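The structure under discussion appears below in the form of structure tokens.
The values are calculated or read from the model by the stated rules, or taken from the named source; none is laboratory data. Nothing here was measured: the structure is a model prediction, and the numbers come from that model. Cβ placement follows ideal geometry from the backbone for every residue including glycine, while neighbour counts extend to all protein chains displayed.
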Amino acid sequence: MNIIIIGQGAIGLLWYYKLAQQAENHVTLQTSQNTTNTPKLMSFIDINNQKHQQVICRATADDFKKAQIIIFCLKSYSIEKAFTQYRSLINKDTVVIFSHNGLIDESTLLNNNTNKCLLISMLTTHGSLRTNAFEIMHTGEGFCDIGLLQGEISNKQMTTVAQVLNTALPTIFWQDNIKEKQWLKLAVNCVINPLTTLHNIDNGQILGENLTQTIREILNEIILIAAKNELAFDLIELKKMIENVAKKTAKNCSSMRSDILAKRKTEIDSINGFIHHQGIKHLVPTPHNTELWKQVKKLEKKV
């Protein structure tokens, strides 16, 4: 399978390494334009703390022509620009997968899909930490949900895509209603990311009693906004989901906290910021999500 990974962040490199281990795959990496010195090797520290290396093959125009799968592993604020940048190189038979945190205006992606490629959303709970440029650590095993954003996919195509991804980084679940899964992940991100960032704590530490009421208030606002988008969620179930994720990733540093510590821009605008703007749109007050959005934006300005 000819595969291109776009993005050299923690998740992008995780997929690059894992897919490249399969002999039947030809995997290349498209890095950002400001990456002038791409090394010949990347370093990967596995779940058992064993270090490995993998040759980095840069994607070429010919690779784009032959690509059967392209995975955009980027920050939410970079997805639209990157897809617009590379769409002319992508052939109509390529399956395009978007992997990012938060929610974005997908209508823009769909309208820019001039080649009418199959567009798929991928949500992952795998933990991956970039410890240096082109060096990552697999900090937690998880799973991925994938689902169709645009196009018509046959059972054969669905099975092939799922098998390729599952062989590299299990487990893959195909979701007929990916929108619901996107919102569930958004709920997790709205709680874990800003709280761990503002309190400078690991994921598991959000379960302290001092944050119980805050978590409840964040989720209640999300439930109200989700209802305006024709999705029904239960507070008790959402709390259980948050607790499970926090326990499974207890010692992990959230992506937003990692961004602040590394003095990078965060994805807060498409997480709590998304809820804030949805609140304005639907005339629903979201004071707690709005305040978290504002506080993280202040931290961004300091770095």
*asked:* I want to confirm something. Restricting to the range 82-98 and keeping residues that are out of contact with any helix residue (DSSP H, G or I) (no Cβ under 7 Å at 6 or more places or on another chain) and either outside the structural domain of residue 123 (by TED's automatic domain parsing) or of a type in the set (Val, Ile, Thr) (or both), which single residue is farthest from residue 267 (Cα to Cα)?
replied: 94
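Quick check, is residue 212 outside the structural domain of residue 11 (by TED's automatic domain parsing), over 19 Å from the mean Cα position of the chain (by Cα) and either outside any helix (DSSP H, G or I) or surrounded by 13 or more Cβ atoms within 10 Å (Cβ to Cβ) (or both)?
no
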*Pick from the range 113-125, criterion in contact (Cβ under 8 Å) with a residue 40 or more places away in the chain and either buried (at least 20 other Cβ atoms within 10 Å of the Cβ) or not assigned by TED's automatic domain parsing to the domain that holds residue 8 (or both), ranking: nearest to residue 248 (Cα to Cα)*: 124
*From 88, 78, grab the single residue that is closer than 24 Å to residue 254 by Cβ and either of a type in the set (Gly, Ala, Ser) or assigned to a loop (DSSP other than H, G, I, E, B) (or both).*
78
*So which residues in the range 91-112 are surrounded by 20 or more Cβ atoms within 10 Å (Cβ to Cβ) and assigned to a helix (DSSP H, G or I), if there are any at all?*
109
_Only listed residue being touching a strand residue (DSSP E or B) at 6+ places or on another chain (Cβ under 8 Å) and surrounded by fewer than 17 Cβ atoms within 10 Å (Cβ to Cβ), chosen from 228, 248_ = 248
*Keeping to the range 71-100, report how many residues are of a type in the set (Gly, Ala, Ser) and over 11 Å from the mean Cα position of the chain (by Cα).*
3
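Among the residues of the range 193-202, is any part of a helix (DSSP H, G or I) and under 25 Å from residue 120 (Cα atoms)?
Checked the range 193-202: at least one residue is part of a helix (DSSP H, G or I) and under 25 Å from residue 120 (Cα atoms).
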*Failed condition for residue 271, given (1) surrounded by fewer than 17 Cβ atoms within 10 Å (Cβ to Cβ); (2) at pLDDT 95 or above, with all others met?*
(1)
*Does residue 252 satisfy the criteria of being within 21 Å of residue 126 (Cβ to Cβ), of a type outside the set (A, V, I, L, M, F, W, C), in contact with a Gly (Cβ under 8 Å, 6 or more places away or on another chain) and in contact (Cβ under 8 Å) with a residue 60 or more places away in the chain?*
yes
*Within the group 69, 79, which residue is crowded, with 19+ Cβ neighbours inside 10 Å, assigned by TED's automatic domain parsing to the domain that holds residue 44, under 23 Å from residue 44 (Cβ atoms) and modelled with pLDDT of 95 or more?*
69
*Residues of the range 125-175 that turn out to be at pLDDT 95 or above, under 14 Å from the mean Cα position of the chain (by Cα) and β-branched (Val, Ile, Thr), as a count*: 1
